[in-house]
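One structure below.
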Amino acid sequence: MISIITPAHNEAEFIEPGLQAVQEAAKRVDEPVEHIVVLNRCTDATQEIAQRYGARLVFEDAKNLSVIRNAGARAAQGEILVTIDADSRMSPGMLAEVRRRLDSGRYIGGGTMIYPERWSLGILCSALVVAPYLLWQGVSCGMFWCFKHDFEAIGGFDPRLLSVEDVDFGRRLRALGRQQGKRYGTIVNEYIVTSCRKFDTFGDWYFVRQPWTAYRIIRGDRQAVDSYFYDQRNA
């Protein structure tokens, strides 16, 4: 079984395409797929929408993405875990590719190619502001995939981190892979498409005009993290 884990805090406006995409991807694998939506202090219709698509519901009120994702992982019944955000949707062949790579024995897990739902010069330049950090860390993010026992072996996502917990997870998963003689992979023949809601809120040139804010978020500054990730959705 494959378990998909999606954290969701007031995602009624964005979650439905992602739920639909998981259902389409599940048709291309010859095994059960469960979609776990971890509801985080939702006051909108997120729960009702998730239930309509047959998702399993887990409730976690912590204002911490690591804690939220880990709650979903604990509840997961599958031997394979896939984490994806509520405002992202996977391509139809994604789950089949995840299964193929893990079954090959060559991969510990990894990330995937990410495309925004729209492009602009500002979005491209803003992405270039944070690209050096990601290149320096040497891991891809966006959607993580691995065996559940490997997720547990590295302790899941680190709840001490207020931001870049995904990059930290990728680095620790890669390190475990090196111990096992396996690679940290980036899926490029499949992909995820993610919303541009942050750019819609803050502007396409946000990180170009305020690179210091990007630095503060990476460093885990509570005020910057809350302002960028939580406060815009009535956290």
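The values are calculated or read from the model by the stated rules, or taken from the named source; none is laboratory data. What you see is a predicted model; the values in this text were computed from it and never measured. FYI the Cβ positions are ideal-geometry reconstructions off the backbone, even for glycines, and counts take in every protein chain you see.
Points worth noting:
- Pair list, Cβ < 8 Å and 6+ apart or interchain, from the stretch 185-199 residues that are of a type in the set (Asp, Glu) to residues that are part of a strand (DSSP E or B): GLU190/MET90; GLU190/THR112; GLU190/MET113
- Some residue of the stretch 164-185 being over 19 Å from TYR107 (Cα atoms), out of contact with any Asp or Glu (no Cβ under 7 Å at 6 or more places or on another chain) and at pLDDT below 95: yes
- Filtering the stretch 160-192 to residues that are surrounded by fewer than 20 Cβ atoms within 10 Å (Cβ to Cβ), among the hydrophobic types (A, V, I, L, M, F, W, C) and assigned to a strand (DSSP E or B) leaves only VAL188.
- The one condition in (1) surrounded by 17 or more Cβ atoms within 10 Å (Cβ to Cβ); (2) at pLDDT 80 or above; (3) assigned to a helix (DSSP H, G or I); (4) not aromatic (Phe, Trp, Tyr) that THR201 fails to fulfil: (1)
- Answer from ASN10, ASN40, ASN64, ASN70 - the residue that is on the phi > 0 side of the Ramachandran plot and either among the polar types (S, T, N, Q) or in contact with a helix residue (DSSP H, G or I) (Cβ under 6 Å, 6 or more places away or on another chain) (or both): ASN10
- From the list PHE147, PHE157, the one residue that fits, being crowded, with 16+ Cβ neighbours inside 10 Å, touching a Lys or Arg at 6+ places or on another chain (Cβ under 8 Å) and within 22 Å of ARG74 (Cβ to Cβ), is PHE157.
- Residue in the stretch 121-140 that is crowded, with 16+ Cβ neighbours inside 10 Å, more than 24 Å from PHE14 (Cβ to Cβ) and at pLDDT 95 or above present: no
This table checks each residue for (1) in contact with an Asp or Glu (Cβ under 7 Å, 6 or more places away or on another chain); (2) farther than 22 Å from PHE151 by Cβ; (3) surrounded by fewer than 19 Cβ atoms within 10 Å (Cβ to Cβ).
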position: SER3; (1), (2), (3): yes, no, no
position: VAL37; (1), (2), (3): no, no, no
position: GLN51; (1), (2), (3): no, yes, yes
position: SER66; (1), (2), (3): yes, no, no
position: ASN70; (1), (2), (3): no, no, no
position: ALA73; (1), (2), (3): no, no, no
position: ASP85; (1), (2), (3): no, no, no
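- Some residue of the stretch 105-115 being part of a loop (DSSP other than H, G, I, E, B) and either under 15 Å from GLY185 (Cα atoms) or modelled with pLDDT of 95 or more (or both): yes
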